[in-house]
Amino acid sequence: MATVKDIPDESAFQSTLSSLPPSTLLVIYFHAPWAAPCQQMSTVLNTLASTYPTDAPLAFLSLNAEEVSEVSEEYDVTAVPFIVLQKDGKQLETVSGSDAAKVRAAVERYAGAGSGGDTKANLPPAQTVTKLPESSTNGTNGSAKSLASYVPGAGDQKTAPQFSSNEPASFSGEPTNEEELFKRLGELVKAAPVMLFMKGTPSAPQCGFSRQTVSLLREKGVRYGFFNILADDEVRQGLKTFADWPTFPQLWVGGELVGGLDIVKEEFENDEDFLKEYSVNGQKGGPAAASAQAQPA
């Protein structure tokens, strides 16, 4: 019977794709260890895979979304569990959330029913996730949400001044050309001396890398401005090109890109004075208040 193959890193993912015939139906499963619905989805996929023979023209691949960040960005993964069905290099369908019936239906639509009889009877029911009030969400319930649910609430620290999801009319969310977008991004990266572009907010990070970066800056006592890229897809996509850096979080200092979590860690390890001028005199750091952030020129 078929099984779900664990893919530990980007190179293993690419080598696995290269080793399979292009006509293979790929069931690519993105998950995170801290997301409760992923535990159920792992059971769903293991059960579903077992209904197909080993030589069936399909492959079930399991990836920790936070360990393969470049692959996650490539497939536009913003919440887990997230499943992509792919064949001949083309995405056929995606399923976000923990509904076993939807996943089974999607796989059978392209691979046919497995030989294990009534697979529906063997799969666990969909896990019900109750959306908490915005003020009480902590970013770890693992439910799949629309981008709108990531907008900072009234209790959250604000993003860089004048640049949040509730922007003034000059940035109303209407599509902009590249020149206008790059002008906006050029102002955004300088909106505070230290700017963190992250998934979620410091009080509710929406990915492990963003969570670790926030913790590191807090530990080092660094004051910083932040922008929730999940609340504004134009910024999220545009900044990848503007910065020539495909993943998030991104840390900017003085309008210059430092890099992601790994590079920030290295900078702190190699230079004990890194960002020291932006620290809070030995106090624990955190997001700067809007009044303490630099205003865009």
Response to the item:
Pseudo-spin-label distance Thr54 to Gln212, built 7 Å along Cα→Cβ, given in nm, is 3.6
Item to complete: Please work out the FRET efficiency for the pair Glu67 and Lys276, using the Cβ-Cβ distance as r and a Förster radius of 25 Å; give the result to the nearest 0.05.
Response: 0.20
Fill in: Euclidean distance between Cα centres, the range 37-102 to the range 12-26, Å
14
Fill in: Rh by Kirkwood over Cα pairs, then Stokes-Einstein D for the range 4-112 at 0.692 mPa s and 37 °C, µm²/s
238
Worksheet, complete the sentence: Restricting to aspartates and glutamates and to Cα separations under 16 Å from Lys220, and discarding same-chain partners fewer than 8 apart, the set is Asp262, Glu266, Glu267, Glu269, Asp271, Glu272, Asp273, Glu277
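Could you look at the range 179-278 and say what percent of its accessible area is carbon and sulfur, using a 1.4 Å probe and all protein chains? Before the final figure, lay out the partial values.
On the way: 1790 of 4110 Å².
That fraction is 44 percent.
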Worksheet item: Of Arg211, Arg236, Arg218, Arg104, which has the most accessible area with a 1.4 Å probe, and how do the rest follow in descending order?
Response: Arg218, Arg211, Arg104, Arg236
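Whenever you get a sec, compute what percent of the accessible area on the range 32-107 sits on carbon and sulfur atoms (1.4 Å probe). Write down the numbers at each step before the final one.
On the way: 1330 of 2910 Å².
Within the range 32-107, the accessible surface is 46 percent carbon and sulfur.
Beyond 21 Å between alpha-carbons counts as too far, so tell me which of Lys199/Lys276; Lys102/Lys199; Lys199/Lys240 fall in that bin. Let's see the in-between values first.
Numbers: Lys199/Lys276 25 Å; Lys102/Lys199 27 Å; Lys199/Lys240 14 Å.
Over 21 Å apart, Cα to Cα: Lys199/Lys276; Lys102/Lys199.
The values are calculated or read from the model by the stated rules, or taken from the named source; none is laboratory data. Small disclaimer: the values here were computed from a predicted structure and weren't measured. Note that each Cβ is placed from the backbone with ideal geometry, even for glycine, and that neighbours are counted across all protein chains shown. The protein model used for the area step is the full one, side chains on, heavy atoms only, and it has no ligands, DNA or RNA in it. Shrake-Rupley method; radii C 1.70, N 1.55, O 1.52, S 1.80 Å.
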